[in-house]
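Shown next, in structure tokens, is the structure this report addresses.
The values are calculated or read from the model by the stated rules, or taken from the named source; none is laboratory data. Small disclaimer: the values here were computed from a predicted structure and weren't measured. A quick note on method: Cβ atoms are made from the backbone with ideal geometry, for glycine too, and the neighbour counts reach across all protein chains shown. The area values use the complete protein model at the heavy-atom level, side chains included, leaving out ligands, DNA and RNA. Shrake-Rupley method; radii C 1.70, N 1.55, O 1.52, S 1.80 Å.
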Amino acid sequence: GFKTGVLTNNWVDDSAGRLFTATLMDLLRRHFDLVIESCRLGVQKPDPKIYTYALDALQAKPQEV
């Protein structure tokens, strides 16, 4: 089968609406093999490091994705 993932350029939400954001991210995780949030990793798109991290996490090669 296929593995699916999401790469986000997001931030730690400390607003009054943070429960909505947290709920949304929790729902996303249920539908994907991998969810990478840039704020938690400390690197964001288009930095190649985030893509390398995703490939490693999915155990995939660039030509496979």
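The figures follow:
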| quantity | calculated |
| --- | --- |
| Any helices (runs of 4 or more DSSP H) falling wholly within the chain and containing at least 3 residues that are at pLDDT below 90 and surrounded by 10 or more Cβ atoms within 10 Å (Cβ to Cβ) | 18-31 |
| Pairs with Cβ under 9 Å, 6+ apart, first in region 14-36 and within 17 Å of ILE50 (Cβ to Cβ), second open to solvent by 80 Å² or more (accessible area, probe 1.4 Å) and not β-branched (Val, Ile, Thr) | PHE32/LYS3; ASP33/PHE2; ASP33/LYS3; LEU34/LYS3; VAL35/ARG29; ILE36/TYR53 |
